[in-house]
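Before any comments, here is the structure.
Computed from the coordinates by the stated procedures, all read-outs in this text should not be read as laboratory data. Worth saying up front: this structure is predicted, and the values here are computed from it rather than measured. Backbone-built Cβ (ideal geometry, glycine too); neighbour counts: all protein chains shown.
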Amino acid sequence: MRRLKNYRAQSGYVYQYFYQGQRPAGRGAQFLFEATGDGKTWFPVSVFLSAAAVRFWEQAHGRALNSTECYAVAKMALFQAFDERPSPSSMKEEIRVREADIEGLLERLGLE
């Protein structure tokens, strides 16, 4: 059963979204969400978490990230895109979590 959640973005939009699942994708994992910025028009949103970014963080911190923590990275990247992208139509482009991004996303969650 899907859980509908809300996020009030700094962009001024109130997004509704739900998590669809995850799948392997190339050299990483793709987290799939469904979202709307107007409550009517739903669109898929993809967050790609590269294996290189995960390895980078794991090597720097001396421990592995578990699947829940990887999901948390994807969700924080989704929120960041909601905040930074100007409109719901710009959410259709894949969100990519790179080595330069993962540290800041996990710091926001208090993970070390």
- prompt: Along the charge dipole of the chain, which of 37, 95, 81 sits closest to the positive end, that is, farthest toward it, with unit charges on the beta carbon of Lys, Arg, Asp and Glu (+1, +1, -1, -1)?
  reply: 37
Region 5-99, relative contact order [Cα under 8 Å, separation at least 6], %: 30
- request: Any lysines with Cα under 18 Å of the residue 40 Cα? List them, leaving off those in the same chain fewer than 8 positions away.
  value: 5, 92
- request: Provide the FRET efficiency to the nearest 0.05 for the residue 10-residue 68 pair, computing r from the beta carbons and using R0 = 30 Å.
  value: 0.70
- line: GNM on the chain, Cα springs under 10 Å; top mean-square fluctuation among 55, 96, 63 goes to 63
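Treat the chain as a sphere of radius equal to its Kirkwood radius over Cα pairs and apply Stokes-Einstein at 4 °C in a medium of 1.567 mPa s; give the translational diffusion coefficient in µm²/s, rounded to a whole number. Write down the numbers at each step before the final one.
Working: Rh = 14.3 Å.
Answer, rounded: 90 µm²/s.
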- prompt: Can you give the extra length, in nm with one decimal, that the chain gains between residue 56 and residue 94 once fully stretched, where that is 0.36 nm per residue apart less the Cα-Cα distance?
  reply: 11.6 nm
- request: Compute the length gained on full extension between residue 38 and residue 83: take 0.36 nm times their separation in residues and subtract their Cα-Cα distance, giving the result in nm to one decimal.
  value: 14.7 nm
task: Identify the residues of region 48-64 with backbone N under 11 Å of a label point that sits 7 angstrom from the Cα of residue 27 along the Cα-to-Cβ direction, or state none.
output: 50-53
